[in-house]
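Participant: If you scroll down you'll find the structure; I have some questions about it.
The values are calculated or read from the model by the stated rules, or taken from the named source; none is laboratory data. Everything numeric here is computed off the predicted structure, so don't read it as measured data. Here the Cβ positions follow ideal geometry from the backbone for every residue, glycine too, while neighbour counts run over all protein chains shown.
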Amino acid sequence: MLKTTPRFPFGLLFIALLSLCFFGFWASTGFSQKKEAFIIEMDSAISSGTAGFLSEGIQEAQKRGSELIVIRLDTSGGLGASMKSMVKEIMNSPIPVVVYVAPKGAGAASAGVLITVAAHVAAMAPGTNIGAAHPVGQGGEDIKGAMGDKVLNDAASYGRSIAQEKGRNAEWIEKAIRNSVSITANEAVQYKVVDLVAEDINDLLKLLDGRQVTLNKEKITLHTKDLDQYFYRPSFRDKVLGIISDPTIIALLMMIGMAGIGFEIYNPGLIFPGVVGAISIILAFYGMQTLPVNYAGLLLMALAVIFFIAEIKVSSYGLLALGGTVSFILGSIMLFEDVAAISLKFLIAAGVIVGGSFMVMTALVIRAHRSKIQSGEQGLMGEIGVVKQALDPEGIVFVHGELWKAVADEKISEGEKVIVEKIQGLVLKVGKKN
């Protein structure tokens, strides 16, 4: 009888490894994660920066498979264009959105009213208020004349349409827009402007549990009682964009930009005002949402390239290189949304290195221009030489590594040092060095 050696079960091992890989992929895709409420914190003026932050937040919530998005809102208002962008994001979100005016002492004024009303569920904390949505100019001034009537009527109809879509008090929303009325949290529930009052996030999730909302024309029931809470806070990029898009900063950037470019036009060659003005104008246009963030980033990157090239051609003593560095860093921050894919620190370091290299090159060029000429006739002026054949008055001197025919006004012996005073064709006029 033949003996057989037991075989190692490679097939079973392969199946086990394959199962582990599948389980790892399954876990990494989030199917094993506990369901969560995705909480976006907004406590600043409504601007292009906050609109972008909200859009990115909703996209991140989708990636994470969140059950619910809660926007914790505290705002005094802001730009109408940014508000409309945020309203569209909320109303078209594939995940139910709750706008929660909180914490206590917070408010949803002006543009914040329509953002709150646009939510699938609107809630407020005790001690908060909502209202005063009358449209004003960017500086806070009233809009006069026919343009004022046009803006007011458009805002009122826009507010009514959102309230009617969400089943809220359209008449009160129109009053808030036309007459700047404002009410407390409890009054907002009473007038059917918002749906409920909650003490905090935990209380809000308990009160939302079992509530029905309409999402994409379908009624769904919220199950929020045991949801985990994930807080989505502004990144460094979001904070920078938020600062740039603040209405006060926008006005300041526009003034600086116009003044800088004006100074450069009337005084060509100053460079610094033109550099600051160009960067400021692009940032102001982004803040006013005239330029989308990606276009603004591309323009700043292109401006950086122009500054770096101009630094080679123009003697700006490093100002163009410095402007290019600032423009490159700001453009990188605005252009690249996914800081996980491209490290923000890397981009800033790259900008500093590129800008620093151009500054070093500029310094070397300036140094070369200022240094004494080392060749040609001008390079010989003032040079020290040694007499190889006595000058009486003619002789031979060794200067700058070469033997030259030379003349002097006095007799100079061999071996003495002389200084070149003048060049006459191929003959040097020299004098005794003291």
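Table: residues versus (1) free of Cβ contacts under 8 Å to residues at least 24 places away in the same chain; (2) within 18 Å of GLY323 (Cα to Cα); (3) among the aliphatic types (A, V, I, L, M).
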| position | (1), (2), (3) |
| --- | --- |
| PHE263 | yes, yes, no |
| VAL275 | no, yes, yes |
| ILE281 | no, yes, yes |
| VAL293 | no, no, yes |
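Participant: Criterion first (in a helix (DSSP H, G or I), surrounded by fewer than 24 Cβ atoms within 10 Å (Cβ to Cβ) and outside the structural domain of ALA284 (by TED's automatic domain parsing)) does ASP149 satisfy it?
Facilitator: In short, yes.
Participant: Do we find a residue being among the hydroxyl-bearing types (Ser, Thr, Tyr), assigned to a helix (DSSP H, G or I) and farther than 27 Å from SER48 by Cα anywhere in the stretch 239-248?
Facilitator: no
Participant: What's the total number of residues in the stretch 203-238 that are among the hydroxyl-bearing types (Ser, Thr, Tyr) and outside any loop (DSSP other than H, G, I, E, B)?
Facilitator: The qualifying residues number 4.
Participant: Okay, next question. Please report, ordered by residue number, the helices (runs of 4 or more DSSP H) entirely within the stretch 2-96 with at least 1 residues that are at pLDDT below 90, outside the structural domain of GLY159 (by TED's automatic domain parsing) and more than 27 Å from LYS225 (Cβ to Cβ).
Facilitator: Result: 10-28.
Participant: Considering only the stretch 250-268, state which residues are in a loop (DSSP other than H, G, I, E, B) and either surrounded by 14 or more Cβ atoms within 10 Å (Cβ to Cβ) or polar (S, T, N, Q) (or both).
Facilitator: ASN267
Participant: Let me ask something else. Sort through SER327, SER280 and tell me the only one that's out of contact with any Asp or Glu (no Cβ under 6 Å at 6 or more places or on another chain), under 27 Å from PRO247 (Cβ atoms), among the hydroxyl-bearing types (Ser, Thr, Tyr) and modelled with pLDDT of 90 or more.
Facilitator: SER280
Participant: Let me ask something else about it. So in the stretch 296-313, with the set limited to residues that are β-branched (Val, Ile, Thr) and either surrounded by 14 or more Cβ atoms within 10 Å (Cβ to Cβ) or closer than 15 Å to LEU330 by Cα (or both), which one is modelled with the highest pLDDT?
Facilitator: Applying the filter and picking the extreme gives ILE306.
Participant: So, ILE162, is that one in contact (Cβ under 8 Å) with a residue 60 or more places away in the chain and under 30 Å from ALA296 (Cβ atoms) or not?
Facilitator: yes
Participant: Another question about this same structure. Answer yes or no: is there a residue in the stretch 135-155 that is of a type in the set (Gly, Ala, Ser) and closer than 27 Å to ASN216 by Cα.
Facilitator: So far as the stretch 135-155 goes, yes, one or more of its residues are of a type in the set (Gly, Ala, Ser) and closer than 27 Å to ASN216 by Cα.
Participant: Is it the case, given these coordinates, that VAL98 is in contact (Cβ under 8 Å) with a residue 40 or more places away in the chain, touching a His at 6+ places or on another chain (Cβ under 9 Å) and over 30 Å from MET254 (Cα atoms)?
Facilitator: Here the answer is yes, as VAL98 does meet what is asked.
Participant: Out of ALA133, ALA119, report the one residue that is assigned to a loop (DSSP other than H, G, I, E, B), closer than 22 Å to THR50 by Cβ and at pLDDT 95 or above.
Facilitator: Unique residue meeting the criteria: ALA119.
Participant: Just to be sure I understand, how many residues within the stretch 152-200 are aromatic (Phe, Trp, Tyr) and in a helix (DSSP H, G or I)?
Facilitator: 2
Participant: Here is a follow-up. Could you please find all residues in the stretch 384-428 being among the small types (Gly, Ala, Ser) and within 60 Å of the chain's Cα centre (by Cα)?
Facilitator: Hit for the stretch 384-428 is GLY401, nothing else.
Participant: Would you be able to say whether some residue in the stretch 195-203 is in the same structural domain as THR50 (by TED's automatic domain parsing) and of a type in the set (Val, Ile, Thr)?
Facilitator: yes
Participant: Here's another thing I want to ask about it. Residues GLY167, GLY127: which one is of a type outside the set (Phe, Trp, Tyr), on the phi > 0 side of the Ramachandran plot and touching a residue at least 40 places away in the same chain (Cβ under 8 Å)?
Facilitator: It is GLY127.
Participant: Within the stretch 398-410, which residues are surrounded by 12 or more Cβ atoms within 10 Å (Cβ to Cβ), outside any strand (DSSP E or B) and without any contact (Cβ under 8 Å) to a residue 24 or more places away in the chain?
Facilitator: HIS400, ASP409 - these are the residues of the stretch 398-410 that are surrounded by 12 or more Cβ atoms within 10 Å (Cβ to Cβ), outside any strand (DSSP E or B) and without any contact (Cβ under 8 Å) to a residue 24 or more places away in the chain.
Participant: Still on this model: Could you check the stretch 182-232 and list, in sequence order, the residues that are surrounded by fewer than 15 Cβ atoms within 10 Å (Cβ to Cβ), hydrophobic (A, V, I, L, M, F, W, C) and either more than 18 Å from VAL97 (Cα to Cα) or over 36 Å from the mean Cα position of the chain (by Cα) (or both)?
Facilitator: Scanning the stretch 182-232 gives a single hit, ILE220.
Participant: Which condition breaks for ALA119 when tested against (1) among the small types (Gly, Ala, Ser); (2) over 21 Å from LYS219 (Cα atoms); (3) free of Cβ contacts under 8 Å to residues at least 60 places away in the same chain?
Facilitator: ALA119 satisfies all of (1) among the small types (Gly, Ala, Ser); (2) over 21 Å from LYS219 (Cα atoms); (3) free of Cβ contacts under 8 Å to residues at least 60 places away in the same chain except (2).
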